[in-house]
Amino acid sequence: MSRRRVVVVGGGISGLTAAHALAPTCDVTLFEAAPRLGGNIVTVDTAGFTLDGGPDSWVNTKPAASELARALGLAGELIDTEGASRKVYVSHKGELLPMPDGLVLGIPTKLGPMVTTPLFTWDGKLRMALEPFIPARQSDTDESIGEFFSRRLGDEVTDKLIAPMLGGIYAGDAWEISMQATFPQFIQSERTHGSLVRAMRAAKKPAATGEKPKGAFTSLRGGMVSLVEALATRLEPAAKLRLGRRVDAIARATTEDAWTVVLEGGERAAADDVIFAGPATALQHAARALDPRLAAALGTLRYTTTATVFFALRRDDVDHPLDGVGYIVPRSERRSTMAATWVSSKWANRAPEGHVLIRTFFGGAGREAVVDLGDKELVELATRELEEMMHIRVRPVFTHVFRFRQASPQPTLGHLGRVRHIRDELARSPGLHVTGSGFAIGIPDCIKLAQETARAVLARPLAS
Ligand SMILES: Cc1cc2nc3c(=O)[nH]c(=O)nc-3n(C[C@H](O)[C@H](O)[C@H](O)COP(=O)(O)OP(=O)(O)OC[C@H]3O[C@@H](n4cnc5c(N)ncnc54)[C@H](O)[C@@H]3O)c2cc1C
């Protein structure tokens, strides 16, 4: 029996993972529009600095990324956030204030630090303290992150901490992002315990093992691109990796369930199965003639645009202890900066001796226009706000700008229903599979979904 021919569209972490899972048993060709692999994952090594322009790590509560890295022989490359510097600061009225101790994703679990912090007014603190007495919501309709947490803990903590932290994960507006699609565990906590604070307290503390406590995130010694490079090395020559090749259309071939992938410029490739691992917007374009209803359904998913601006600085020029991972900036502060990471405090070996590396974030839902500024203007804006927020004079060794256009999916209210609708429409096209951003958010979930998609490909019987 001939080997199954699979075309994978998109060479980000999703497409590479799917190709990696299929390459041993299938003829895999991967088309990537850009001249490089990795998609959002981009690492620049320069002058002794390591810059992860997009993702810098993955969350440890989801094991798929660490498992894949180990399977690729990267166990010795996995690094944890630097233990001494896991503090997060909050920009508040021109000062950087440490986030109070005992907050778990913005939910207070200790009383003392909440009482003493100058971050909240007394009204705000009192409102938070009432959380255990707020009745649980009975309705099953979707609610935004902002609505959910304002209802439980009040507007102040939602604006200052929860919206920038939880909304920030999606570069989204917390008052638009769906709770059901992003943090269903908190909805469950409310239902089970009647209160988030009670639920957090009830959550068992891990038994003391004597080991150094692990941070919440894992990265790679050589930067995130190591994962991409390890996948690419394993894939070649078993799979064909075709860079700089944009897929323009997907069409049915002459036999009922085989596919033709049409590239820009007219080249064609035949496949038994196609895995689309680019953004949903790209599949919307590629499927426009194949199935207008599917294309319309894909068009309901929204993405936003972001940029990161890096500052390589001399340590002596930064009069701040940099004793944390960085700071978040609530929208109410009316800044363009969303957040900043003190990269060289968060991770070891990201800057040479005597230097530090800072990354600032821009754009996101409703604030995309700033990403269209030229590099010079964007760096000027980033510099001004960095100086004002950190009270330092910025004299960079160098700066670097990365842009991510329409790259961050927005799981807004009703997102789960829209994804179900897309899956229903897709059922008319056996052998056409979707994975990747839009359907899974963050590296571990992208990896997990890509592996599940590969299994679905193998499980589909081939026409003989
Ligand atoms: C600034 C930023 C920071 C982030 N930080 C984190 C983080 O710290 N941790 C985390 O877990 N996640 C983070 N994310 C999210 C994470 O980057 C994504 O979840 C993940 O990388 C998505 O991978 P993907 O392969 O699905 O999509 P992408 O990385 O978007 O890759 C899709 C690929 O498809 C290609 N493509 C598109 N259209 C076509 C076409 N028609 N033909 C051929 N190829 C095509 C694109 O060129 C691209 O290479 C961050 C995202 C951004 C933007």
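Observations on the structure shown:
- FRET efficiency, 1/(1 + (r/R0)^6) with R0 45 Å, evaluated for Thr46 and Thr25 via beta carbons: 0.65
- Estimated 222 nm signal from helices in the chain, with DSSP H stretches of n ≥ 4 weighted -39500 (n - 2.57), rounded to 500: -8000 deg cm²/dmol
- Computing FRET efficiency as 1/(1 + (r/R0)^6) for Leu126 and Glu264, where r is the C-beta to C-beta distance and R0 is 56 Å, gives about 0.40.
- Relative to the Cα centre, the charge distribution of region 350-464, modelled as +1 at Lys and Arg Cβ and -1 at Asp and Glu Cβ, gives a dipole magnitude of about 460 debye.
- Which of Leu298, Ile134, Thr50, positive extreme of dipole for the chain (C-beta unit charges): Ile134
- Among Ile392, Ala171, Gln185 the positive-end extreme of the charge dipole of the chain (Cβ point charges): Gln185
- For region 103-202, a crude dipole built from +1 on the beta carbon of Lys and Arg and -1 on the beta carbon of Asp and Glu, taken about the Cα centre, is about 540 debye to the nearest 20.
- Between 0 and 90 degrees, the angle of helix 184-193 with respect to the longest Cα principal axis of the chain falls at about 50 degrees.
- Available extension along the chain between Gln138 and Lys240 is 31.5 nm, counting 0.36 nm per residue and deducting the alpha carbon span.
- Seen against the Cα atoms of the chain and their longest principal axis, helix 225-235 is set at about 20 degrees.
- Fewest neighbouring Cβ atoms within 10 Å first, the residues Lys93, Lys346 line up as Lys93, Lys346.
- Rh by Kirkwood over Cα pairs, then Stokes-Einstein D for the chain at 1.002 mPa s and 20 °C, µm²/s: 91 µm²/s
- Arg393-Ala202 FRET efficiency (beta carbon distance; Förster radius 45 Å; 0.05 resolution): 0.40
- Gyration tensor verdict on region 192-337 (Cα atoms; rounded if a/c is under 1.5, prolate if a/b is larger than b/c, oblate otherwise): prolate
- Spacing of the modelled spin labels on Arg191 and His320, each 7 Å from Cα toward Cβ, amounts to 4.2 nm.
- Straight-distance crosslink candidates among aspartates and glutamates, where the alpha carbon sits under 12 Å from Lys346 and sequence neighbours closer than 8 are dropped: Asp56, Asp80, Glu82, Asp323
- Positive-pole candidate from Trp122, Leu16, His92, dipole of region 1-146, charges at beta carbon: Leu16
- Computed from Cα atoms, the angle from the helix 375-390 axis to the main principal axis of the chain rounds to 30 degrees.
- Sparse-neighbourhood loop sites, trypsin sites (Lys or Arg not before Pro) in region 400-459 - DSSP loop, at most 16 other Cβ within 10 angstrom: Arg428
- Cross-link table Lys62/Lys376; Lys62/Lys125; Lys62/Lys87, entries beyond 28 Å C-alpha to C-alpha: Lys62/Lys376; Lys62/Lys125
- Net charge dipole, region 304-367: roughly 360 debye, given to the nearest 20, about the Cα centre with Cβ charges of +1 for Lys and Arg and -1 for Asp and Glu.
Each value in this text was obtained by applying a stated rule to the coordinates, not by laboratory testing. Every value quoted in this text rests on a predicted model; they were computed, and no experiment measured them. Note that each Cβ is placed from the backbone with ideal geometry, even for glycine, and that neighbours are counted across all protein chains shown.
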